[in-house]
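Comments concern the structure below.
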Amino acid sequence: TATAPFVFTRAILEVTTDIFIESGWNWFSINAESDDMSLNNVLASIGSSAIYIKNQDNYADYYDGFGWWGFLENFSNAEMYKLNALNDANIAFTGMAVDPASVNISLETGWNWIGYTPQGAMDLNTALASIGDIGVYIKNQDDYADYYSGFGWWGYLEMLVPYEGYMLNT
């Protein structure tokens, strides 16, 4: 008897971000990707609620009736962003779940603004195990942790979670 060939297929997981933005400054990252990672597409759900966004190197301003304009044009899953909002809003962006293994986050000596790509929370020591002892200090918008050689990370920041942005000092 003839049998059909067995074919492996990879399930494609579509996700929608649920990033609450409050009035003032917000640190965040995006763990979804699409063919259009432009600021105007990813931030479409917040409309004119925000006025300014920056990553570690560039920025953009929001112009009502036009959209985002500046040297920062597209999101990268590897980076953290700071967004200045006038009003509370919610970033609801639909894309494909990021494969964390496919995102290379380059670290330089000093401060690095890094994103968090997994879809679930992870213990800080596990999440940063691959950097060994080059880390000195990490913080999100509210908490921090220090690295102690022979012990690991310790501080008020204990978990890395989706949608948060982090500043890592190496």
Residue-averaged [θ]222 nm for the chain, counting only DSSP H segments that reach four residues, each worth -39500 (n - 2.57)
-500 deg cm²/dmol
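Going by the alpha-carbon gyration tensor, a ≥ b ≥ c the square roots of its eigenvalues, is the chain rounded (a/c under 1.5) or, if a/c is not under 1.5, prolate (a/b greater than b/c) versus oblate? If you can, show how the numbers build up before the last one.
On the way: a/c = 2.04, a/b = 1.04, b/c = 1.96.
Note, shape of the chain comes out oblate.
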Express the relative contact order of the chain as a whole percentage, based on alpha carbon pairs under 8 Å and six or more residues apart in sequence.
27 percent
Carbon and sulfur atoms: what percent of the 1.4 Å accessible area of the chain do they account for?
51 percent
Please list, in chain and number order, the residues 5+ apart from Glu79 or on another chain whose amide H is under 5 Å from its amide H, with Hs placed from the backbone.
Gly115
Apply the Karplus curve 6.51 cos²θ - 1.76 cosθ + 1.60, θ = phi - 60°, to the phi angles in segment 147-162 and return the couplings in whole Hz, x for Gly and Pro.
9, 10, 4, x, 10, x, 7, 8, x, 6, 8, 10, 10, 9, 10, x
How far apart, in nm, are two points set 7 Å out from the Cα along the Cα-to-Cβ line at Phe151 and at Asp123?
1.6 nm
Honestly segment 10-86 on the Cα gyration tensor test (a ≥ b ≥ c root eigenvalues; a/c under 1.5 rounded, otherwise a/b vs b/c for prolate or oblate) is just prolate
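I need to check one value: relative contact order of segment 122-168, counting alpha carbon pairs closer than 8 Å and at least 6 residues apart, in percent. Please list the in-between numbers first.
On the way: 63 pairs, mean separation 19.8, N = 47.
The value is 42 percent.
The values are calculated or read from the model by the stated rules, or taken from the named source; none is laboratory data. Not measured: the values here are computed from a predicted model. Here Cβ is always computed from backbone atoms with ideal geometry, including for glycine, and neighbour counts include all displayed protein chains. Just so you know, the surface numbers come from the protein's heavy atoms only, side chains and all, with ligands and any DNA or RNA stripped out. Shrake-Rupley method; radii C 1.70, N 1.55, O 1.52, S 1.80 Å.
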